[in-house]
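Participant: Questions regarding the structure given below will be posed in turn.
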Amino acid sequence: MINFYNIDILLFAIFSLALFIQIIFIWGVFARLSFYKAKVDKRIEKPVSVVITSRDDYYNLKRYLPQILTQDYPEYEVILVNDHSSDETDDLLKILSKQYEHLKVVNMSHSVSFYPGKKFPLSIGIKSAKNDILLLTDADCMANSKNWIRNMQQGFDNETQIILGYGPYQPKKGLLNTLIRFYSYFTALQYISFALAKMPYMGVGRNLAYRKSLFYKNNGFISHYKVASGDDDLFVNETATPKNVKVCIHPDSFTYSEPKTTFSQWIAQKRRHLSAGKLYKKKHQFLLSLYPLSLLVFYGLFIWQMISGFLFYYILGMLAFRLVSFYIIQKTAMNKLKEKKLFLISPILELFIFLLNSILVVVNTLFKRSKWK
């Protein structure tokens, strides 16, 4: 005969373990971003090469590239790799090249055929850069200020080889935009917090800086060239160490991107991003799966415990403890990353994105994508 009391005790123990894991992440990892204070030498201004790859991005380049070309910084160049564009990009770049001497355009011919994704054009752009410090962003990204370059390069010293920046999406109306912005925010919360905990595992190509010498030392993207995505996170995952990474979260260093306008476009983008995760180092895969797994177990067992009524008030108290901890850390972190409008519904959004990730991981095992746009 089944002893339901013992089953309830076992489920309560699992529920408690899931909560314990959640609290470790909230206070032991995510709190590092919440309480982070940068220490950099603002007097240092090193030569920088900004590298951007573009394919059929005429309207984005027309709108955002002048903001990159007019940065308040003494010595920098902009490398724009025009990857087989069939729109009016060529004409625009010819005009801008005449206006800005520090713009260097690299046109890739249609005869070039290599591995899928943007790694090959990005490699061409890096090879064309004359400076050791590389600052990467995308054609649809808007620098949040004229001090973007200045802020992103300040953390480099003799030991630092990678700077992780923040690349949020532009706020607009609608549920989709809310989901996109929270997804981007929570991804940043994770990779920045882990980096501050001396466990860096990724960065985002919308706002990422590293040394050209590090790129060559790692043989570029050669180890994962056949994977369409991962020009940013896989490279950082391979080359980052506890000592060679810093973060930059000054608001002037943010780059805002155009969000997708349909759910299908966004889902396709998320599938592409998630496809690189299986190539992360095993320890990073474990840590990144532990938090969402414990979250789903926690809420799943919470619902079960509410139905069964076992230790009802204890369960409610544990949920309240988890939510209060979560809100405390999220409030400070969201203030730092300028996403405080997402604060009140953040627990719901968090649960949704991890449920979505679980579904997309399964989908990615059945269907593959190879295009970078």
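No value in this document is a laboratory result; all are computed from the given coordinates. The model shown is predicted, which means the values in this text are computed figures rather than measured ones. Using ideal geometry, Cβ is built from the backbone for each residue, glycine included, and neighbour counts are taken over all protein chains shown.
Participant: State, as an integer percentage, the relative contact order of region 48-272 based on alpha-carbon contacts under 8 Å between residues 6 or more apart.
Facilitator: So the answer I get is 26 percent.
Participant: Can you tell which of Val204, Val81, Val324 shows the greatest fluctuation in a Gaussian network model of the chain with Cα springs below 10 Å?
Facilitator: Of the options given, Val324 has the highest mean-square fluctuation.
Participant: What is the local net charge at Lys146, summed over the other residues whose Cβ is closer than 9 Å to its Cβ (Lys, Arg +1; Asp, Glu -1)?
Facilitator: On the way: positive: Arg150; negative: Asp72, Asp252.
So the environment of Lys146 carries a net charge of -1.
Participant: Here's something else I'd like to know. Using Cα atoms only, what is the angle between the long axis of helix 312-336 and the major principal axis of the chain, expressed in degrees (0 to 90) to the nearest 10?
Facilitator: On a 0 to 90 degree scale, this one is about 20.
Participant: Choose one of Met142, Ile52, Pro251: the residue whose Cα lies farthest towards the positive end of the charge dipole of region 48-272 (beta-carbon charges +1 Lys, Arg; -1 Asp, Glu; about the Cα centre).
Facilitator: Value: Pro251.
Participant: If you don't mind, another one. May I ask which of Lys198/Lys331; Lys39/Lys260; Lys46/Lys173 have a Cα-Cα span longer than 30 Å here?
Facilitator: Lys39/Lys260; Lys46/Lys173
Participant: With each run of n ≥ 4 DSSP H residues scored as -39500 (n - 2.57), what mean residue ellipticity at 222 nm is computed for the chain after dividing by its residue count and rounding to the nearest 500 deg cm²/dmol?
Facilitator: -16000 deg cm²/dmol
Participant: Run the dipole for the chain about the Cα centre, Lys and Arg Cβ at +1, Asp and Glu Cβ at -1, nothing else charged, and hand back the magnitude in debye, nearest 20. Show your work: numbers first, answer last.
Facilitator: Working: 47 positive and 27 negative charges, 69 e Å.
Here the size comes out at about 340 debye.
Participant: Also: Could you work out which residue, out of Lys338, Lys98, Lys173, moves most in a Gaussian network model of the chain, that is, has the largest mean-square fluctuation with Cα springs under 10 Å?
Facilitator: Greatest mean-square fluctuation among the candidates belongs to Lys173.
Participant: Give, as a single signed number, the net charge of other residues whose beta carbon lies under 10 Å from the beta carbon of Tyr58, with Lys and Arg counted +1 and Asp and Glu -1.
Facilitator: That sum, taken over residues with Cβ under 10 Å, equals -4.
Participant: Can you tell me the 0 to 90 degree angle between the C-alpha axis of helix 282-308 and the longest principal axis of the chain, rounded to 10?
Facilitator: 40 degrees
Participant: Right, next: Count neighbours as other Cβ atoms within 10 Å of each site's Cβ, and list the GluC sites (Glu not before Pro) in region 67-150 that are DSSP loop with at most 14 such neighbours.
Facilitator: Glu75, Glu88, Glu101
Participant: So if each residue of separation counts as 0.36 nm, and I subtract the Cα-Cα distance between Ile9 and Gln67, what length gain in nm does that give?
Facilitator: Here the segment from Ile9 to Gln67 would lengthen by 14.9 nm.
Participant: Let me ask something else. Amide H neighbours of Gly117 under 5 Å, at least 5 residues apart or on other chains, H built in the peptide plane: list them.
Facilitator: Trp372
Participant: Rank the residues Tyr183, Tyr299, Tyr166 as a footprinting-exposure proxy: fewest other Cβ atoms within 10 Å of their Cβ go first.
Facilitator: Ascending number of Cβ neighbours within 10 Å: Tyr299, Tyr183, Tyr166.
Participant: Under the 0.36 nm per residue contour assumption, what length would be gained going from the current alpha-carbon distance of Lys172 and Ser97 to full extension?
Facilitator: Extra length available between Lys172 and Ser97 comes to 23.8 nm.
Participant: Cβ under 11 Å from Ala333's Cβ, Ala333 left aside: what net charge do those residues give with Lys, Arg +1 and Asp, Glu -1?
Facilitator: Working: positive: Arg32, Lys331, Lys336, Lys338, Lys340; negative: Glu339.
Net local charge, Ala333 excluded: +4.
Participant: Given the pairs Lys282/Lys341; Lys226/Lys281; Lys146/Lys336, which span a C-alpha to C-alpha distance of over 28 angstrom in this model?
Facilitator: Result: Lys282/Lys341 exceed 28 Å.
Participant: In the chain, what % of DSSP beta bridges are antiparallel (nearest 5)?
Facilitator: Values: 10 of 31 bridges.
So the antiparallel bridges in the chain amount to around 30 percent.
Participant: With springs connecting C-alpha atoms under 10 Å apart, model the chain as a Gaussian network and identify which of Trp148, Trp266, Trp304 has the largest mean-square fluctuation.
Facilitator: Trp304
Participant: Select one label from (1) 53, 47, 39; (2) 81, 46, 41; (3) 98, 81, 43: the one whose number is Cα extents along the principal axes in Å as derived from the coordinates shown.
Facilitator: Given (1) 53, 47, 39; (2) 81, 46, 41; (3) 98, 81, 43, the calculated one carries the label (2).
Participant: Which angle between 0 and 90 degrees, to the nearest 10, do you get for helix 346-366 versus the longest principal axis of the chain when only C-alpha atoms count?
Facilitator: 70 degrees
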